[in-house]
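The values are calculated or read from the model by the stated rules, or taken from the named source; none is laboratory data. This is a predicted model, so every value here is computed, not measured. Cβ placement follows ideal geometry from the backbone for every residue including glycine, while neighbour counts extend to all protein chains displayed.
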Amino acid sequence: MIQIIEAHCLSTMLVIFTALITPMYWFLALPYNKAIIISWLTALLGSSIFTLSIYYGTTIKNPAIFTYILAATWFIPLCIIWFHRQWFSNLNQRVLAGFQIFRLLSVVFYIEMYAGHISSQFAIPAGGGDTLVGLFALYIVYHYKKLPTWAIKTLLIFGAGDIVWSYFAMPGPLQLFALAQSYEVAVFPFVFVGMFLVPSFLTFHLLSYINLVQKK
């Protein structure tokens, strides 16, 4: 059975737009021959999440299943990149930081909160940090040449920390706050945020860290 949640058309458009842009962004971050491979893999992951959420939304809503799938989509790509980190050396930190601008997509949480589709207990803590990270990333991109290394480190620490924090607002056994939030975030289009876009943000944070360490 196809599972789609009622959502504002603007939210759906923004989520889909960001998801479609994500595979192409690799061509800014990586050499062409590497970007081809990673963009195809990213598109494959995105299409898999789309199909899973559309056809198996009811199954994903199961607390245990949702938690495990979410953890897998977050950590498996990170592990793959970490074990092949030499493949991602000498990347432009400005471009890596620039991808975090898309975290301004957090506006969809506020749109859906006011539409009554997502609780304020989830929308405010989950979206607030992303908004700050997105604005800081925008500042870094425009003032990159004038900023010290600590600006990138701050974006990395705060950006990754905010994502880890938001994990505990997700419905499931590990949920510590936003307890009023139901499993709408596990259904299309919101599932794209947690299972596809968030792993992408984490991936670019890891790439930023790898390149910071390699330059020491």
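Limited to region 172-203, what total is found for residues that are under 17 Å from residue 129 (Cα atoms) and either assigned to a helix (DSSP H, G or I) or at pLDDT 80 or above (or both)?
The qualifying residues number 8.
Of the residues in region 1-60, how many are at pLDDT below 80 and among the hydroxyl-bearing types (Ser, Thr, Tyr)?
Going through region 1-60 one residue at a time, the tally reaches 5.
Does residue 78 count as modelled with pLDDT of 90 or more, in a helix (DSSP H, G or I) and touching a Leu at 6+ places or on another chain (Cβ under 7 Å)?
Against the criterion (modelled with pLDDT of 90 or more, in a helix (DSSP H, G or I) and touching a Leu at 6+ places or on another chain (Cβ under 7 Å)), residue 78 qualifies.
Evaluate region 97-104: report whether one residue or more is out of contact with any Pro (no Cβ under 6 Å at 6 or more places or on another chain), modelled with pLDDT under 90 and closer than 23 Å to residue 165 by Cα.
No; the residues of region 97-104 include none that is out of contact with any Pro (no Cβ under 6 Å at 6 or more places or on another chain), modelled with pLDDT under 90 and closer than 23 Å to residue 165 by Cα.
Output the number of residues of region 15-37 satisfying the condition of being assigned to a helix (DSSP H, G or I) and either surrounded by 19 or more Cβ atoms within 10 Å (Cβ to Cβ) or over 16 Å from the mean Cα position of the chain (by Cα) (or both).
Matching residues across region 15-37 total 16.
Given the criterion outside any helix (DSSP H, G or I) and at pLDDT below 80, identify the matching residue among 169, 123.
169
Just to verify a result, which residue in region 70-127, among those that are crowded, with 17+ Cβ neighbours inside 10 Å and free of Cβ contacts under 8 Å to residues at least 24 places away in the same chain, is farthest from residue 208 (Cα to Cα)?
Filtering first and then ranking leaves 113.
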